[in-house]
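S.K.: Submitted below is the structure of interest, expressed as C-alpha cells.
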Amino acid sequence: MIELTKDYIENLKSIIEAKDDAKAQEVLHELYPADIAELYQELNLQEAIYLYLLMDGDKAADVLMELDEEDRHKLLKELPNELIAKRFVDNMETDDAVDLMRELDEDTQEEILSHIEDVEQAGDIVDLLKYDEDTAGGLMGTEMIVVNENWSMPKCIDEMRKQAEEMSEIYYVYVVDDDERLKGVLPLQKLITHPSVSKIKHVMKKRPDLRSRQRQYRGGYGDDREIRLGSLARSR
C-alpha cells in the first residue's frame, strides 16, 4: 500500500501543475479508489477535478462514492450534468446511482437522467427514487433477488429462478417481510444445508449494514458464496 507522505503529495501536485497527463495516470493506476479519496483531502478543488477527468469511468465512479458527502458535493457542483451522467452514473450500480442522485436537487436529477444513454437504467433509477431510502425498495438495487421471510425453501428456490431469468448478474438475495421491509439476506449455504426448512426467516442472516457490505462484496472481498446466487437460480 502506498503511503501518502508529504513528499508524495508535493510530487503529485507538481505533476498536476505541469499537466503531465501520463505521469498523473501512472500515479492514479497505483492507487485504490479509497486512497484517491483520501488523497483528495490534500488537493484543492481544481487539482481534484484534473485527476478526476483522467480516470476511466468505473474508477471515477468508485472514487466518487468513497468521498465524504461534502467533498462529493463540491466536486459535482463544478462538473456539467452531462459529464456526471456519462462519467459517473452510467458506470455505477443502480443502488449507488440512486444514492448519489438523492443528494442532488430535483432539477439536477432530471437533467442528469436526460443524459443517461441506457434508457432501462434511467427507468430503474427513477423507480428507486420513488422509495424512501430506508425502505426495502430504497435500499435494494434492481440487480437483486427478493424473497419473503415466510416462504418455504422450495418456494424460495422456485421464485429465485423466475427472478434470475431477467438478470445478467446477481449480487444479493434480500429477505423482506409481508410489508416489504428489509429483514436480511439469504446465504447460499442455507439453501444447501436446509433444503426443507419451513420458513426462510429461520435461516436468513440478519444484516443491519447491508448497503456498506454490498459495496464491499462488489469490490471482491469476503465470502462470495453468501451473495452470488445467480448461477444456482438459473441452473435449477
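The values are calculated or read from the model by the stated rules, or taken from the named source; none is laboratory data. The model shown is predicted, which means the values in this text are computed figures rather than measured ones. FYI the Cβ positions are ideal-geometry reconstructions off the backbone, even for glycines, and counts take in every protein chain you see.
S.K.: Write out, first by first residue and then by second, each pair whose Cβ atoms fall under 7 Å of each other, whose residues are 6+ apart or on separate chains, and whose first residue, in region 1-29, is within 19 Å of K59 (Cβ to Cβ) while the second is surrounded by fewer than 13 Cβ atoms within 10 Å (Cβ to Cβ) and charged (D, E, K, R).
M.R.: I2/E30
S.K.: Right, another one. Can you tell me which residue is surrounded by the most Cβ atoms within 10 Å (Cβ to Cβ) among those in region 40-60 that are among the small types (G, A, S) and under 16 Å from the mean Cα position of the chain (by Cα)?
M.R.: Per the stated criteria, the residue is A60.
S.K.: Give the number of residues within region 69-100 that are in contact (Cβ under 8 Å) with a residue 12 or more places away in the chain, under 21 Å from Q41 (Cα atoms) and among the charged types (D, E, K, R).
M.R.: So the count comes out to 5.
S.K.: Would you mind finding the one in V89, V63 that is among the aliphatic types (A, V, I, L, M), buried (at least 18 other Cβ atoms within 10 Å of the Cβ) and touching a Pro at 6+ places or on another chain (Cβ under 7 Å)?
M.R.: Of V89, V63, the one residue that is among the aliphatic types (A, V, I, L, M), buried (at least 18 other Cβ atoms within 10 Å of the Cβ) and touching a Pro at 6+ places or on another chain (Cβ under 7 Å) is V63.
S.K.: Could you tell me whether any residue of region 93-116 is closer than 25 Å to K206 by Cβ, among the β-branched types (V, I, T) and at pLDDT 80 or above?
M.R.: Yes, region 93-116 has at least one match.
S.K.: Something else: Considering each of K19, K77 in turn, give the residue that is exposed (fewer than 14 other Cβ atoms within 10 Å of the Cβ), closer than 29 Å to E120 by Cβ and more than 16 Å from the chain's Cα centre (by Cα).
M.R.: K77
S.K.: Another question, then. May I ask you to list the residues in region 111-121 that are over 15 Å from the mean Cα position of the chain (by Cα), surrounded by 13 or more Cβ atoms within 10 Å (Cβ to Cβ) and part of a helix (DSSP H, G or I)?
M.R.: E111, I112, L113, H115
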